[in-house]
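What follows is a single structure, written as structure tokens, with notes after it.
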Amino acid sequence: MNGALKVLLDIFRQPSVIVALISLIGLALQRKSATDVMKGTIRTFVGFLVLAAGAGVVTNALTPFGDMFQHAFHVQGVVPNNEAIVGTVLVKYGSVAALIFFFGMIVNVLLSATSYFKYVYLSGHVAFYMATMITVIFVAAGFSTWQTLLWGSIAQGLVVTLSPAVVQPFMKKVTGTDDVALGHTGGSGIALGGLVAMLTRSKKHPSKSTEDINFPKNLGFLRDTTVIVALSMAVIYVIVALFAGPGYIESKLSDGQNFIVYVVLQAATFSAGVYIILAGVRVVLGEIVPAFKGISEHLVKNAKPALDVPVTFTFAPNAVLIGFLSSFVGGIVGMAIMALAGTTVIIPGVVAHFMTGGATGVIGNGAGGRRGAILGSFVNGLAITFLPLLLLPVLGSVGKGAATYSDADFGVAGIFLGYLNKAGGQIAIIAGIIVVLILVYVVSYFMNKRKKAIAAAADSADKAEAVA
């Protein structure tokens, strides 16, 4: 009996098994055929193993980079890359993170059904990344497994419900409709960029749209994430390698291989690892998210789907490129400030600047034209450089690695929870979550009341017009 129990415990300690079971439950709830359930469950299981393999590739490529950076500049250099840090976290806390992701999606649906904020978060991959960060913070705070699952799931549900709400006023302006929302962990930084764009626009001298600019077609490769990651990481690796010196690299890291060849191969390996991880994530979440979409459509009236950042790209393609470049410049400026200050240096994360910078460019252009796209994206770049620096101390041992979380929502949520822990421990974290939950329903009450008043006034005006 004890032997059988041990086997079961060993099985359920495997994150890939937990995620596969979540997929099985989701497919069964959709009343799929036995064949589809089996196929989806196995695809999820294998997809998670692919993800874990990619994480190993990324980690192996980042290790020599961290060594080179520290040798060259005598400070710790950290790359904000979600896939890299998630891969590290899943090795230790994968099962708990998968369950927080699962129950957090349920909390999201319940909050959407019962509050004013009717956003169902369908960007499953970044929601999963958020679940891993929340797991790390709760474990670092000393919560037991069941406490981590309970409070972590509520925190997860709150983050993915409120993040789209913060961006929605700007999304409405860009899309011209209130039918779709933005669901991404860069939401708070994108909203900040939209606010900056709105505040810096001029009525006397309005800025033209980015879409009036004719960009050369030969810059189109910048929109391919795999290509831009490989190229940019190669540039970063080579620059650091030149400062570290060929002697150090060829004697300590490359085993005699030419140092330039070595670092370019490491950069390409990093990009390959990110590609593998994204492939695994797509397979895993492709089986889980549709189940929640179907459930939410039945349970949440007037729900708005919160979709990934590419949903914004079609509205202003030029703004995507401008936003990426402006955000990246902001990241470089932030890195230079850190280097001068002698702190840990956050190296600009290309994927984060491309995705969130591009979306901020679109939002900024809608709020304030070219000027808004440039300034808003630049501020987003600064935000996703300094927020990861502030986040590192609350991630426990995970915060000492060569990679960290990149997007602004990770910084906002992680800093909120992590520094509550530093200020008052577990009680402070629980109290903070409860306060936010109460505020959601207080704000919902007043917003619903205001909505009814506006509808009543409009109805009265229509009746008066009909009588006249």
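Report yes if some residue within region 171-182 is of a type outside the set (D, E, K, R), in a helix (DSSP H, G or I) and open to solvent by less than 10 Å² (accessible area, probe 1.4 Å); otherwise report no. Looking through region 171-182, at least one residue is of a type outside the set (D, E, K, R), in a helix (DSSP H, G or I) and open to solvent by less than 10 Å² (accessible area, probe 1.4 Å).
Please work out if ASP224 is open to solvent by 30 Å² or more (accessible area, probe 1.4 Å), modelled with pLDDT under 75 and over 23 Å from PRO348 (Cα atoms).
On the way: open to solvent by 30 Å² or more (accessible area, probe 1.4 Å): yes; modelled with pLDDT under 75: yes; over 23 Å from PRO348 (Cα atoms): no.
So ASP224 does not fit the description; no.
Can you find, within region 281-309, the residue that is surrounded by the fewest Cβ atoms within 10 Å (Cβ to Cβ) among those that are of a type outside the set (A, V, I, L, M) and at pLDDT 75 or above?
ASN302
For region 104-122, a residue qualifies if it is under 18 Å from the mean Cα position of the chain (by Cα) and either farther than 21 Å from ASP308 by Cα or not β-branched (Val, Ile, Thr) (or both), and the qualifying residues are GLY104, MET105, ASN108, TYR119, TYR121, LEU122.
If I ask for residues that are farther than 16 Å from VAL300 by Cβ and either among the charged types (D, E, K, R) or open to solvent by 30 Å² or more (accessible area, probe 1.4 Å) (or both), which ones from region 103-128 would you list?
Here is the first cut: in region 103-128, the ones farther than 16 Å from VAL300 by Cβ are 103, 123-128.
Residues satisfying the conditions are PHE103, HIS125.
For ALA268, the conditions (1) within 25 Å of GLY194 (Cα to Cα); (2) modelled with pLDDT of 80 or more are fulfilled apart from (1). Taking the criterion of being more than 26 Å from ASN82 (Cβ to Cβ), out of contact with any Pro (no Cβ under 8 Å at 6 or more places or on another chain) and open to solvent by less than 80 Å² (accessible area, probe 1.4 Å), the residues of region 26-59 that qualify are LEU27, ALA28, SER33, ASP36, VAL37.
From the list TYR116, TYR93, the one residue that fits, being part of a helix (DSSP H, G or I) and more than 21 Å from VAL350 (Cβ to Cβ), is TYR93. Cβ separations smaller than 7 Å between residues 6+ apart or across chains give the following pairs from region 138-167 residues that are in contact (Cβ under 8 Å) with a residue 40 or more places away in the chain to residues that are acidic (Asp, Glu): VAL159/ASP409; SER163/ASP409. Determine whether region 147-168 contains at least one residue that is surrounded by fewer than 24 Cβ atoms within 10 Å (Cβ to Cβ) and at pLDDT below 90. Scanning region 147-168, I find no residue that is surrounded by fewer than 24 Cβ atoms within 10 Å (Cβ to Cβ) and at pLDDT below 90, so the answer is no.
The values are calculated or read from the model by the stated rules, or taken from the named source; none is laboratory data. These numbers come from a predicted model, not from an experiment. With ideal geometry, Cβ positions are generated from the backbone for all residues, glycine too; neighbour counts draw on all protein chains shown. Each accessible area value is taken on the protein alone, full model and side chains, heavy atoms only, with ligands, DNA and RNA left out. Shrake-Rupley method; radii C 1.70, N 1.55, O 1.52, S 1.80 Å.
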